Amino acid sequence: MELTYYGHSTFAAKVGGKNLLFDPFISPNEKAKNIKVEDIRADYILLSHGHQDHMADAMPIAKNSDAMIISNYEIVSWFGGQGHSKGHPMNHGGKASFDFGQVKYVNAIHSSVLPDGTYGGNPGGFIVYSEEATFYFAGDTALTLDMQLIPRFAKLDFAILPIGDNFTMGYEDAIIAAEFIQCDKILGVHYDTFPYIEIEHQKAKEAFATVGKELILMEVGETRNF
Ligand code: NI
Ligand code: MN
């Protein structure tokens, strides 16, 4: 599966021939200044929660691409109120089928409010099931025992976990999360964007390697096969 990293927690995955874009935060991100938002096309935009650093560019990309927003009910409804009604609302524990595969919306321990102060529902993560790969994007979350349920739902090929600490779990907790979800291949996100979440890359990678797991840190704009 082809995955492109756009910085912070933003990435695109080609799944079942469709372009899935996750948590687009590009134009306000100094570290992603070489990425042109207007060039990004998506068939689906998946939003883990309502914070600005996860959806700043969602509306322009959704409009440009006529993309379907997949998120919790409150966020999908908010987009409808803002003039983009092509959405699929979900809530925790629910699974839905799409033309690229299936999506399950799972728990995250965090907060969620929309840019204008509207209640953003409860934050979540996604498990994406497809013919090419099954993966978990945790969104913004603390380490939580709920992650122990994930191996019952899915045999993961890889997972995307926040590792920047302060607002989410740090890499030490992400290693425990990787154990809970029984996954050895982790793409780290939500680090280095702001001074609060700067991390030492080598130290984090070594900590994963010590327990036989791989921490992948991609360059902004880089594409890799997973
Ligand atoms: Ni957040
Ligand atoms: Mn965040």
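What follows draws every value from the coordinates through simple rules; no lab data is involved. Computed from a prediction, not measured in an experiment: that's the story for all the values here. Ideal geometry is used to build each Cβ from the backbone, glycine not excepted, and the neighbour counts take in all protein chains shown.
List of remarks:
- Here the 3J(HN,Hα) profile of segment 15-24, calculated from phi with Karplus coefficients 6.51, -1.76 and 1.60 at θ = phi - 60°, is 10, x, x, 10, 9, 9, 10, 10, 6, x Hz, Gly and Pro shown as x.
- Over all pairs of different C-alpha atoms in segment 128-226, the reciprocal of the mean inverse distance, the Kirkwood hydrodynamic radius, equals 13.6 Å.
- Under conditions of 25 °C and 0.890 mPa s, the chain yields 143 µm² s⁻¹ as its translational diffusion coefficient, taking Rh as the Kirkwood radius over Cα pairs in the Stokes-Einstein equation.
- Converting phi to 3J(HN,Hα) with the Karplus coefficients 6.51, -1.76 and 1.60 and the offset θ = phi - 60°, segment 68-81 yields 8, 7, 10, 6, 6, 4, 5, 6, 4, 5, 4, 4, x, x Hz in sequence order, with x at every glycine or proline.
- Taking Val113, Val76, Val189 and counting other C-beta atoms within 10 Å, the order from fewest to most: Val113, Val76, Val189
- Sequence-distant residues sharing a close amide H with Ile216 (under 5 Å, placed H): Ile186, Leu187, Gly188
- For Val106, nonlocal amide neighbours, meaning residues 5 or more places apart or on other chains whose placed amide H falls under 5 Å from its own, are Gly93, Gly125, Phe126, Ile127.
- Sum of -39500 (n - 2.57) over DSSP H runs of 4+, divided by residues of the chain (222 nm, nearest 500): -5000 deg cm²/dmol
- Segment 97-123-segment 164-226 distance, computed between alpha-carbon centres (Å): 22 Å
- Residue among Pro24, Asn91, Val37 farthest towards the positive dipole end of the chain, charges placed on Cβ: Asn91
- Amide H contacts of Met68 (H built 1.01 Å from N, under 5 Å, at least 5 apart or other chain): Tyr44, Ile45
- Candidates Ala67, Ala138, Ala154, ranked by Gaussian network fluctuation over the chain, Cα under 10 Å, top entry: Ala154
- Residue-wise HN-Hα couplings along segment 48-56, as the Karplus relation 6.51 cos²θ - 1.76 cosθ + 1.60 with θ = phi - 60° gives them from phi, are 6, 6, x, 5, 3, 6, 10, 8, 3 Hz; Gly and Pro carry x.
- Loop-located trypsin sites (Lys or Arg not before Pro) in segment 151-226, at most 14 other Cβ atoms within 10 Å (DSSP): Lys155
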